[in-house]
Number of protein chains: 2
Amino acid sequence: MRPDSLTTTFAALADPTRRAILARLASGEASVTELAQPFAISMPAISRHLKVLEHAGLIDRGREAQWRPCRLQAQPLKEAAGWMEHYRRLWDQRLDRLDAFLKEMDKAERRSRARKRK
Amino acid sequence: MRPDSLTTTFAALADPTRRAILARLASGEASVTELAQPFAISMPAISRHLKVLEHAGLIDRGREAQWRPCRLQAQPLKEAAGWMEHYRRLWDQRLDRLDAFLKEMDKAERRSRARKRK
DNA sequence: GCTATATTTAACAACGTTGTTATTTAACAA
DNA sequence: TTGTTAAATAACAACGTTGTTAAATATAGC
């Protein structure tokens, strides 16, 4: 029972180093060394982060001489964003209905007070 | 150095049980027992999933007699969705530019062939 | 106070993640 | 071949996660 793709995507995004790598890749492809440069961790650690991202389908890698350039792959981001949008929207609708309900209550309340004043 | 909020949110979403709990909560508040019902795991396990979601700010919980009703909290979903949309959009722009570039190439190519035919 | 119900906490095992350093592989260049 | 650079793998430690069962806590109702 290996984890489904949403799980793999969210798990990959749940690390600041990996998100920073993706942010960097959003502005163009880069080699492993280039990606490692901003971080205070060893190359093997970066190499593993890249493997996690690749496994999640968030990046793919080419091969040019001794470099393995990484590129962003947007599809899993789309799926995950879709999931979140879906539930966020459902929830906003609930809030809207609650809001409408409270407004209704309020109106009824004012009407009731108006009657009493007569 | 505790993890930032995006990290906490994504980590909380990186579990199918927790996503199913949120999905259930999107249709209204529920008690721990109600939330546990669809799953083949023990109550303490559910209790911990809820603690993870609460810690991530994705739910909050009331107190009614011996029940602790859970409600969805949309704010962290918004932040995380925002992050993903941002990078997804950047990447789509890159793809669009690549697309435009390839179309340009193609046009130039056709023009070149047209010249040769004369 | 006693009992039933809802939920949490404690203690533990199994497993996964993230980092390290040392070693290995691959490709270029002399 | 030999050396250099880029990157991956191996072996390991530290720590976090997810599940378990057993025990504790809190509240309602008699």
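Derivation of every value follows stated rules applied to the coordinates shown; laboratory data play no part. No experiment lies behind these values; they were computed from the predicted model shown. Here the Cβ positions follow ideal geometry from the backbone for every residue, glycine too, while neighbour counts run over all protein chains shown.
Which distance in nm do the two modelled labels at B:Thr17 and A:Glu85 give, with both placed 7 Å along the Cα-to-Cβ direction?
3.1
Each residue of region B:66-83 in turn: what ³J(HN,Hα) in whole Hz from Karplus with 6.51, -1.76, 1.60 and θ = phi - 60°, glycine and Pro shown as x?
Per residue, the Karplus-derived 3J(HN,Hα) values read 8, 9, 10, x, 9, 10, 5, 10, 7, 3, x, 4, 5, 4, 5, 4, x, 4 Hz.
Of all trypsin sites (Lys or Arg not before Pro) in region A:45-88, which ones are in loop regions per DSSP and have a Cβ with at most 10 other Cβ atoms within 10 Å?
Working: sites: A:Arg48, A:Lys51, A:Arg61, A:Arg63, A:Arg71, A:Lys78, A:Arg88; in loops: A:Arg63.
Sites meeting the loop and neighbour criteria: A:Arg63.
Assigning unit charges at the beta carbon (Lys, Arg +1; Asp, Glu -1) and nothing else, what dipole magnitude in debye, to the nearest 20, does region A:6-77 show about its Cα centre? Write down the numbers at each step before the final one.
On the way: 9 positive and 6 negative charges, 18 e Å.
Roughly 80 debye for region A:6-77.
How far apart, in nm, are the 7 Å Cα→Cβ label points at B:Gln66 and B:Ala45?
2.4
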